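Read the structure below first, then the notes.
Just so you know, all these numbers are worked out from the coordinates, no wet-lab data involved. Small disclaimer: the values here were computed from a predicted structure and weren't measured. Here the Cβ is made from the backbone with ideal geometry for all residues, glycine too, and neighbour counts use every protein chain on show.
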Amino acid sequence: MNFEDLNLSKELLRAIEDEGFKSPSEIQEKAIPTLLNGKVDFVGQAQTGTGKTAAFVLPLLSQINFKSNEVQALILAPTRELANQVHEEIRKFGKYLDVRTLTVYGGTSYDKQINGLRKNRPQIVVGTTGRIMDLMKRGVLRLQNTKQLILDEADEMLNMGFLEDVQEILKALPEDRNIWMFSATMPKPIINLVNKEFKDPEILKIEKKTLSNADIEQKYFLIRPKHQMEALCRLLDFETDMYGIVFCKTKREVSEIGSELLTRGYKVDVLHGDLNQSQRDAAMKKFKSGYLSLLICTDVAARGIDVNNLTHVINFGFPQDMESYVHRIGRTGRAGTKGKAYTLIDPFQKGKLRYLERFVKTTLTPAKLPTVPQLKVALVNKELARMANLVESVSEKGDEFKVDETYDVFRESLKDLSKDQILKVLFSQKFRKDLRRYQDLGELDAKDTGDKRGGGKGFSGRGGRDRKRGGRDARGGGRNNRSRSGANRDKKQDDGGSKGSSRGSRRGANSNRKPRPRV
Ligand code: ADP
Ligand code: MG
């Protein structure tokens with residue numbers, strides 16, 4: 001099928017062509033005609049990286065009345081970064097249309113957003129729930145004619161952290177509104193909720209053998225927690241041209257790993273909900289532009305974020321729930337490209353692995369870290385690759401190759417040594433520290449003690465069958481034990497409402513409550 005067969009306007013087709021899209025993806029092919037047909041509540045489920053954004057943005061842009069000054073559509077996303085990204089997509093596809101859009105989310109000034117609403121009169125608003133509610137309460141965001149609501153990462157938006165907000169926002173919309181929902185995961189309880197509360201929604205599931213995208217090669221490494229930091233470094237040292245994300249469970253872990261990697265000379269940045277918005281924007285920008293090849297983050301970047309051609313996702317330990325695993329690894333292997341997902345697993349939690357494998361309907365391949373000799377060769381080779389240009393210009397330019405005058409002092413003092421001796425001195429100076437570290441720590445792979453040991457099933461519950469089995473992994477684990485809703489809380493902060501507002505405290509009181517199925 002071609003995009004031309006989809007009944008889209010020529011303005012949209014032109015923009016699609018500019019994007020370089022040749023043909024619609026499966027979800028686009030199936031969702032677009034249904035959504036173009038008009039008034040439906042819709043759930044679209046398709047694997048990560050399969051073009052769900054365009055599947056809703058294109059039909060949305062087809063139904064906007066560009067002459068109107070009213071907010072006709074509202075798109076909700078769980079994080080600021082995703083809200084920005086969706087907004088960008090609307091701009092790209094809407095570039096030949098007279099569409100006005102605005103993003104609103106917490107952590108930035110109200111003034112600009114209020115001005116944007118008042119002066120630009122957006123027809124589409126994209127944002128996170130908290131700020132949207134604040135703007136509604138201030139009377140600047142009026143939704144009485146907003147007939148289209150879209151929930152990107154819908155299962156997350158209908159999950160306990162956001163559900164109440166979504167319900168509140170829905171109340172402001174007219175009766176005859178439609179809701180479109182998209183996600184790669186749709187746990188049963190969420191589907192039940194949707195079925196119960198929406199008017200006969202059309203549910204479109206692009207069925208695949210696996211829940212995770214098959215373009216992602218999934219491996220796991222059994223590493224004891226005390227060695228996981230070094231194991232991570234070894235993977236980074238060994239792989240060439242890695243452009244990836246390392247996911248951690250807590251903000252604290254992100255900061256610790258981030259600073260350790262910086263100290264060890266890796267070029268990385270961190271992203272989590274305790275950073276201010278300009279830090280978050282800067283990290284995202286540097287990473288998306290490719291200036292940084294590694295981003296260390298919490299699940300705040302797990303959902304929806306689209307960075308072109310990421311080669312790797314590394315999970316520093318299991319995520320807290322199984323859906324998160326699917327979304328985390330789904331940052332790679334997007335739009336038909338191949339990617340690698342590595343998970344560092346505490347051998348005591350091996351039991352969780354089988355549970356996860358059943359959930360994603362695929363097996364993770366057991367892998368071993370590169371050996372110490374392999375690492376040493378890789379280290380030297382990487383350095384040689386880095387020096388290649390320099391070596392080449394010395395050999396080409398010979399005597400003309402410019403070095404500082406003090407080179408003479410250096411040469412004079414080493415003049416009695418043979419070339420081999422000098423090389424040994426330089427080699428040892430360059431590599432000793434790293435080679436020693438590999439050598440001293442030795443091999444780090446933990447023994448596989450089989451599936452039966454510890455860990456149990458214990459993913460903390462979200463939508464899946466494991467909902468009630470908080471299990472010891474959810475509770476245990478020292479400082480991480482707050483983290484049952486830790487990552488969620490991280491995302492929740494994206495709403496960034498005014499601190500201490502009544503909304504804040506209401507939310508706090510409810511944060512441990514189970515989802516209330518009432519939309
Ligand atoms: P999802 O929301 O399903 O995870 P996205 O909408 O973020 O996926 O799209 C993933 C990537 O695929 C984006 O970089 C997007 O530009 C690209 N993409 C989407 N649709 C197509 C298409 N029909 N052809 C080529 N690339 C596409
Ligand atoms: Mg998406």
Rg and Dmax of the range 216-369 over Cα atoms: what are they, in angstrom?
14.4, 41
Sort E88, E17 so that the residue with the fewest other Cβ atoms within 10 Å of its own Cβ comes first and the one with the most comes last.
E17, E88
A correct fewest-to-most ranking of S109, S212 by other Cβ atoms within 10 Å would be S109, S212
How large is the translational diffusion coefficient of the range 376-448 in µm² per second when you combine the Kirkwood radius over alpha carbon pairs with Stokes-Einstein at 4 °C and 1.567 mPa s?
86 µm²/s
For the range 7-62, what is the largest minus smallest coordinate of the Cα atoms on each principal axis, given in angstrom and ordered from greatest to least?
29, 25, 13
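Mind scanning K219/K251; K171/K209; K92/K205; K95/K249 and naming the pairs with a C-alpha gap bigger than 29 Å? Display every interim value, and only then the final one.
Values: K219/K251 24 Å; K171/K209 38 Å; K92/K205 26 Å; K95/K249 38 Å.
Flagged as over cut-off: K171/K209; K95/K249.
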Can you give the log10 of the normalised intensity I(q)/I(0) at q = 0.08, 0.13 Å⁻¹, computed with Debye over equal Cα scatterers of the chain?
-0.56, -1.26
CD proxy, 222 nm, the chain: helix-only mean residue ellipticity via -39,500 (n - 2.57) per DSSP H run with n ≥ 4, per residue, nearest 500, stands at -13000 deg cm²/dmol
Over all directions, how big on average is the projection of the convex hull of the alpha-carbon atoms in the range 3-205, in square nanometres?
10.5 nm²
Gap in Å between the Cα centre of the range 249-305 and the Cα centre of the range 349-377?
24 Å
Figure the gain on full extension for D98 and K22 (residue separation times 0.36 nm, minus the Cα-Cα span) and round it to one decimal in nm.
24.9 nm
Which is farthest toward the positive dipole end of the chain among V125, V394, G290, measuring Cα position about the Cα centre, with Cβ charges +1 (Lys, Arg) and -1 (Asp, Glu)?
V125
Tally Lys/Arg at +1 and Asp/Glu at -1 over every other residue whose Cβ is under 14 Å from the Cβ of D111; what's the total?
+4
